[in-house]
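The values are calculated or read from the model by the stated rules, or taken from the named source; none is laboratory data. Predicted model only: the values in this text are computed from it and were never measured. Reconstructed Cβ throughout: ideal geometry from the backbone, glycine too, with neighbour counts over all protein chains shown. All accessible areas refer to the heavy atoms of the entire protein, side chains included, with ligands and DNA or RNA removed. Shrake-Rupley method; radii C 1.70, N 1.55, O 1.52, S 1.80 Å.
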There are 2 protein chains.
Amino acid sequence: MSNSTVSSVPLPLADRIRAGDVRAVARAISLIEDDAPQAADVVRAVFPLTGHAYLVGITGPPGAGKSTLVDKLTAGLRARGQTVGVLAIDPTSPYTGGAILGDRVRMQTHAADEGVFIRSMATRGHLGGLARATHEAAYVLDAAGKDWVLIETVGVGQDEVDIVRTADVSIVTLVPGTGDDVQALKAGIMEIADVFVVNKADREGADRLVASIEAMLSLETFGPDEWRPPVLRTQATTGAGVPEVLEAVDRFRAHPHQDQAARRRVRSEFRLKELLASQFLDYVQQQVLSSGELDELLGRIGERTADPYTVAADILARAVGRKGDA
Amino acid sequence: MSNSTVSSVPLPLADRIRAGDVRAVARAISLIEDDAPQAADVVRAVFPLTGHAYLVGITGPPGAGKSTLVDKLTAGLRARGQTVGVLAIDPTSPYTGGAILGDRVRMQTHAADEGVFIRSMATRGHLGGLARATHEAAYVLDAAGKDWVLIETVGVGQDEVDIVRTADVSIVTLVPGTGDDVQALKAGIMEIADVFVVNKADREGADRLVASIEAMLSLETFGPDEWRPPVLRTQATTGAGVPEVLEAVDRFRAHPHQDQAARRRVRSEFRLKELLASQFLDYVQQQVLSSGELDELLGRIGERTADPYTVAADILARAVGRKGDA
């Protein structure tokens with residue numbers, strides 16, 4: 001409630017975002033990333049301006065060359081005169097954070113190009129919030145007029161895979177000779193990929209990897225109007241095969257029987273529920289629980305004199321004013 | 001509300017769990033993993049029996065030998081006569097799922113040992129829920145009388161890192177010669193590790209990796225009573241160094257000025273809020289929104305005639321009966 005009526009920052013910032021002001025976009029994403037109180041106002045203000053951008057999720061194991069692929073896809077889209085926002089999810093990870101940040105340096109190719117906005121997203125230090133922050137940052141880029149938003153994640157981790165899964169199109173990048181091929185086939189990759197990219201296709205094992213993916217696809221039954229994920233080969237470092245990836249994305253986007261609307265709906269529903277939950281928790285802390293009560297309840301849970309399910313049910317009953325009822 | 005009073009499954013199941021019945025434990029974890037309606041009752045019933053087990057989080061990049069380390073830690077704890085539950089988080093990932101499942105095979109060493117319960121957790125196919133399911137599965141193992149619960153995750157992905165971070169003690173496993181060393185030092189690994197393990201310590205580069213971690217630790221200021229994470233070397237395949245890891249965990253556990261209570265509190269608070277949010281969302285769908293209303297609201301959000309923040313605020317106001325107020 002507290003942020004919904006008073007809004008000092010949002011309106012001018014939203015105007016600047018709409019105008020494509022890079023510093024305003026960067027500031028808005030920082031507010032979102034920091035989970036700042038003004039973030040809600042910013043997202044609310046930019047939301048009516050969204051719905052134009054097409055969200056491309058790109059995932060794959062570390063070392064698959066995702067950043068280079070994203071770089072080349074960006075160049076290809078720019079060559080068409082279209083604008084691009086890039087969100088590189090820098091996971092809460094001691095292991096890959098550095099690599100992704102390092103890769104970002106390469107993307108300096110586009111640093112002087114106003115049609116490209118590149119941003120690493122990190123959410124270290126607080127529980128939850130990665131998917132939410134990414135969705136909201138995508139809204140900001142959409143509102144700023146970007147035609148495409150490319151979201152790159154390392155394909156390990158539930159949030160990270162969910163982000164890609166709920167994009168408008170999901171590209172799964174694999175690389176030969178890492179032993180990922182067989183495992184990938186085992187582990188339900190089919191659910192995620194709209195387009196498969198075998199990168200570093202000049203490496204030994206590329207044919208086998210492509211064949212394995214095709215063999216797996218051949219086990220699935222695709223209806224005559226259903227989208228069948230293509231398996232493409234790229235060498236992202238040279239750019240070979242990248243135009244074909246963009247063509248596949250275009251075809252997917254134009255495909256009449258794909259689940260575009262359903263997917264956007266899932267994303268909206270997920271987002272709405274997250275928001276509702278977060279607003280409810282704020283309400284509970286501000287209006288329902290007395291000062292120090294949460295600590296006391298957590299203390300009782302810690303001593304096992306109360307269980308979290310019953311405590312939650314009691315708080316809910318009080319919040320919705322059903323105490324005397326039932 | 002629906003599951004809180006009627007309970008056909010829980011009580012007998014909880015009794016069997018308390019008695020350490022392996023099939024009851026497996027059944028309870030399956031209910032939790034599937035997010036089945038009975039899961040809440042099971043967790044509520046076992047909760048009073050928990051608080052005994054010590055939760056050890058073990059994370060590290062793919063290939064660091066975490067599973068072998070967990071195997072040897074399990075053997076070491078069993079040799080002391082203590083019981084062990086193992087939860088191997090099998091991430092929603094096309095890439096590592098297979099590897100972790102493969103590694104599980106090795107742990108068949110303990111298959112005939114009643115003092116060990118090993119379980120892979122997967123949460124493919126629905127958004128969210130990995131951390132919740134893992135915490136609840138840990139409750140079940142705790143209630144079943146396990147002295148230790150070892151939780152193994154691949155250290156990439158926000159949920160996965162959060163799970164380890166909120167364990168009672170967090171072990172970060174690194175391996176020489178993967179280039180992870182420098183990156184690890186960059187990316188805030190300090191926040192997570194209570195104990196560093198350099199596994200495959202016979203490999204070239206082990207000394208350098210240990211030195212890098214020590215150098216980084218030397219930049220931190222530790223108070224005289226503060227815990228300083230030790231950097232240990234292991235060869236998990238032979239078991240070398242594993243007793244020292246257990247000793248470090250024991251020392252951490254006994255350490256007077258560590259943040260044990262605070263960490264359990266964070267875990268409880270996170271868990272309570274998740275539960276409260278999930279109960280509230282159920283309530284909203286069952287009691288607040290009329291049939292078809294969610295679809296209609298999502299449609300308006302899709303058309304941008306409504307924004308998710310305002311829709312959420314309106315639903316909240318109705319749920320807590322504040323419509324006429326304000």
Total charge of the residues flanking residue A:234 in space, meaning their Cβ is under 9 Å from its Cβ, with Lys and Arg +1 and Asp and Glu -1, is +2
Rounded to the nearest 10 Å², the accessible area of residue A:273 using a 1.4 Å probe with every protein chain kept is 60
Of the listed links A:72/A:146; A:72/B:200; A:273/B:66, those spanning more than 26 angstrom between alpha carbons are A:72/B:200; A:273/B:66
1/(1 + (r/R0)^6) with r = Cβ-Cβ of residue A:35 and residue A:15, R0 = 22 Å, i.e. FRET efficiency to nearest 0.05, evaluates to 0.40
Counting only DSSP loop positions in the range A:242-325, the GluC sites (Glu not before Pro) whose Cβ has at most 12 other Cβ atoms within 10 Å are A:303
Cα-based Rg/(2.2 N^0.38 Å) for the range A:216-320, rounded to two decimals, is 1.94
In square angstrom to the nearest 100, the accessible surface buried at the B/A interface, both sides summed with a 1.4 Å probe, amounts to 7700
Given backbone amide H placed at 1.01 Å from N, residues whose amide H is under 5 Å from that of residue B:121, ignoring those fewer than 5 places away on the same chain, are B:88, B:89, B:90
With the label set 7 Å along Cα→Cβ, residue B:218 is separated from its counterparts in the other copies, in nm and shortest first, by 6.0
Quick calc, residue A:253 & residue A:114: beta-carbon distance into FRET formula, R0 22 Å, rounding 0.05, result 0.35
Two pseudo-spin positions, 7 Å from Cα along C-beta at residue A:222 and at residue B:300, lie apart in nanometres by 3.9
Between residue B:261 and residue A:78, the two model label points (7 Å from Cα along the beta-carbon direction) sit apart by a distance in nm of 5.7
Computed over the range B:224-272, the relative contact order (Cα-Cα under 8 Å, seq sep at least six) in percent reads 34
Rounded to the nearest Å, the spacing of the alpha-carbon centers of the range B:270-326 and the range A:229-290 is 21
The extension gain from residue A:214 to residue A:26, computed as 0.36 nm times the residue separation minus the Cα-Cα distance, is 63.6 nm
Among residues of the range A:37-56, a drop of 10 Å² or more in 1.4 Å probe accessible area, assembly relative to the chain on its own, occurs for A:40, A:43, A:44, A:47, A:48, A:50, A:51
Simple spin-label estimate for residue A:207/residue A:286, 7 Å along Cα→Cβ, in nm, reads 6.5
